[in-house]
Structures are given as structure tokens and as C-alpha cells.
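Visitor: There's a structure below that I have some questions on.
The values are calculated or read from the model by the stated rules, or taken from the named source; none is laboratory data. Everything numeric in this text was worked out from a predicted model, so none of it was measured. Cβ sites come from the backbone with ideal geometry, for glycine too, and all protein chains shown count toward neighbours. For accessibility, only protein heavy atoms count, side chains too; no ligands or nucleic acids. Shrake-Rupley method; radii C 1.70, N 1.55, O 1.52, S 1.80 Å.
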Amino acid sequence: MKYIMKLNPKYFEYMKNGTKRVEVRLNDEKRRCIQIGDEIIFQKEPELTDEIYTEIIGLKIKKSFKELINTLDISQYSDKNETEEKFLKDLYKFYTKEKEEKYGVVGIEIKLKKENL
């Protein structure tokens, strides 16, 4: 399957340059359908004209964002110059703690596809 997901410009650039290899999302109804081997096209907000083509190579399902990112190195989901606290603060701009508790979270491990090269 192919999916399209929007991505904040800062994190889009981290993914494009290869430093961000895990996308962190709620494990809501949409994300529960994804599987290893599926493709995700990430579109850079707000214009949605820049795209990154990826393949899912792993999935980590956890109860909370904090629990998930504690299993990863920061360079896998952000940039090594970022802090865990700043990353969590950014996540909570998009997701409420209530939704986090309701759905849990997923770390979508990706690899860039050749279309990007």
C-alpha cells in the first residue's frame, strides 16, 4: 500500500538529509493499517509540493511518546542537535495527551527510496 503523510518543514528536512529515520505518530486507525514494506510519501507542509518517497522497514508500537523515544537515539527521530524535551513539546502541539492515551503511539522506521536520489 501507499500512504501520504504531511510533515513539518523542519522534520521534513531532517528526513530528506537522512538524519531522521523514524517517524513518530499516534497509533490511530489510519496508522494501524500500515505494514512493513508499505510506502509512504511525505509531503512538506504547508505547500505539499516537496515530497520524500520512503519504504517502511520497521514498526515500534508503544503506549506513549516518551516510552517510544526512550528506545531510540535522538538522531533516529529528529536531529542530534535537538533535545528530547523539545521534540516532545513539538509532538504535543499536534497531539493531545488524551489521544496519546487512547491510541498509543507508533515509530515508523523508514528508508529513503531511489526516487529521492
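Visitor: Exactly one of these conditions fails for Lys2: (1) out of contact with any helix residue (DSSP H, G or I) (no Cβ under 8 Å at 6 or more places or on another chain); (2) touching a residue at least 40 places away in the same chain (Cβ under 8 Å). Give me its number.
Guide: So Lys2 meets the others, but not (2).
Visitor: So, in the stretch 1-19, exactly how many residues are open to solvent by 100 Å² or more (accessible area, probe 1.4 Å) and in a strand (DSSP E or B)?
Guide: 3
Visitor: For the stretch 1-40, which residues satisfy the criterion of being over 26 Å from Lys102 (Cα atoms) and among the aliphatic types (A, V, I, L, M)?
Guide: Correct list: Met15 only.
Visitor: Where in the stretch 61-117 are there helices (runs of 4 or more DSSP H), lying fully within it, with 3 or more residues that are out of contact with any Ser or Thr (no Cβ under 6 Å at 6 or more places or on another chain) and either closer than 14 Å to Tyr11 by Cβ or modelled with pLDDT under 95 (or both)?
Guide: Once the helices (runs of 4 or more DSSP H) in the stretch 61-117 are filtered for at least 3 residues that are out of contact with any Ser or Thr (no Cβ under 6 Å at 6 or more places or on another chain) and either closer than 14 Å to Tyr11 by Cβ or modelled with pLDDT under 95 (or both), what remains is 74-77, 84-94.
Visitor: Another question, if that's okay. Restricting attention to the stretch 20-60, which residues are part of a strand (DSSP E or B) and under 19 Å from Leu91 (Cα atoms)? Spell out how you get there, then give the answer.
Guide: Restricting attention to the stretch 20-60, the residues satisfying the condition of being part of a strand (DSSP E or B) are 22-26, 39-44, 51-60.
Val22, Glu23, Val24, Arg25, Leu26, Phe42, Gln43, Lys44, Leu59, Lys60 - these are the residues of the stretch 20-60 that are part of a strand (DSSP E or B) and under 19 Å from Leu91 (Cα atoms).
Visitor: Considering Ile61, Ile69, Ile57, which residue is closer than 24 Å to Asp38 by Cα, β-branched (Val, Ile, Thr), under 15 Å from the mean Cα position of the chain (by Cα) and open to solvent by less than 60 Å² (accessible area, probe 1.4 Å)?
Guide: Details: Ile61 fails: open to solvent by less than 60 Å² (accessible area, probe 1.4 Å); Ile57 fails: open to solvent by less than 60 Å² (accessible area, probe 1.4 Å).
Of the residues listed, the single one that is closer than 24 Å to Asp38 by Cα, β-branched (Val, Ile, Thr), under 15 Å from the mean Cα position of the chain (by Cα) and open to solvent by less than 60 Å² (accessible area, probe 1.4 Å) is Ile69.
Visitor: Is it fair to say Gln43 is open to solvent by less than 50 Å² (accessible area, probe 1.4 Å) and touching a residue at least 40 places away in the same chain (Cβ under 8 Å)?
Guide: Working: open to solvent by less than 50 Å² (accessible area, probe 1.4 Å): yes; touching a residue at least 40 places away in the same chain (Cβ under 8 Å): no.
When the stated conditions are applied, Gln43 does not pass them.
Visitor: Among the residues of the stretch 20-40, write down those that are over 20 Å from Lys86 (Cβ atoms) and surrounded by 20 or more Cβ atoms within 10 Å (Cβ to Cβ). Can you show your working first?
Guide: Filtering the stretch 20-40 down to residues over 20 Å from Lys86 (Cβ atoms) leaves 27-40.
Correct list: Asn27, Ile40.
Visitor: Taking the stated definitions as given, is Thr54 out of contact with any Phe, Trp or Tyr (no Cβ under 9 Å at 6 or more places or on another chain) and of a type in the set (Ser, Thr, Tyr)? Break it down into steps so the answer makes sense when it comes.
Guide: Values: out of contact with any Phe, Trp or Tyr (no Cβ under 9 Å at 6 or more places or on another chain): no; of a type in the set (Ser, Thr, Tyr): yes.
Criteria not met by Thr54.
Visitor: Looking at (1) charged (D, E, K, R); (2) under 13 Å from the mean Cα position of the chain (by Cα); (3) modelled with pLDDT of 95 or more, find the lone condition where Arg32 falls short.
Guide: (2)
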